[in-house]
Amino acid sequence: MSTPKIGVILGSTRPGRNGKQVADWILDRASARIAAEYELIDLLDYPLPHLDEAVPPSMGQYQGEHTKLWAAKIAEFDGFIFVSPEYNHSTSGVLKNAIDYLYAEWNNKAAAFVSYGSLGGARAIEHLRAIASELQIAHVRQQLSFSLFTDFENFSIFKPAGQHDAAATALFDQLESWTAALKTVRA
């Protein structure tokens, strides 16, 4: 079986976003891993309008070219790391919208969650877990939550505390294991 591919989905498109630094940190640590290949999926590269498909995504009858491009990209991957800010006690609207566009492309794949915010983005992760469950995405227990107060200098320069390295290793271990297992389920 081929090496599993895991997409690191950057869930913010906001000017001056902190998420790019967080996603780059994840990718830097993932570059030393050998059990999976990791790739950035930046939502800036997939400018999806508010969900504009007439038929529910579960029907798989995508009409828009933007939807077809997004579906083809997500279909390439066996697992995901969602990197999300916390906005108003939830995930970002752009990430929720991107997730809502598809259905089968998410099914029977694994995911992990990385968040950042005033409380580490924990509430964004809780919402993402519920969304993932509905889409048949198996999500791992380990998560990473970065505080704007302690892991960012001046709320804008990412300088994560050292304890996050061990948590990241656990996250990668769990995600790679589940990703490989679910790849056999889909086969």
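Taking all C-alpha pairs of the chain, those more than 32 Å from each other amount to 10 percent.
Using Cα pairs under 8 angstrom and six or more residues apart, how large is the relative contact order of the range 122-187, in percent? With pairs under 8 Å counted, the relative contact order is 29 percent.
Averaging Cα coordinates gives a centre for the range 152-187 and one for the range 57-98; these two points are 19 Å apart.
Evaluate the charge dipole of the chain about its Cα centre and quote only its size in Debye, nearest 20, assuming +1 on the Cβ of each Lys and Arg and -1 on the Cβ of each Asp and Glu.
220
Compactness of the range 1-54 was expressed as the Cα radius of gyration divided by 2.2 N^0.38 Å, which yields 1.38.
Relative contact order for the range 5-186: 22 percent, from Cα pairs under 8 Å spaced at least 6 residues apart, divided by residue count.
Of all lysines in the structure, the ones whose alpha carbon falls short of 16 Å from that of residue 5, not counting any fewer than 8 places away in one chain, are 73, 109, 183.
Values quoted throughout were computed directly from the atomic coordinates according to the rules given, and no laboratory measurement underlies them. No experiment lies behind these values; they were computed from the predicted model shown. Using ideal geometry, Cβ is built from the backbone for each residue, glycine included, and neighbour counts are taken over all protein chains shown.
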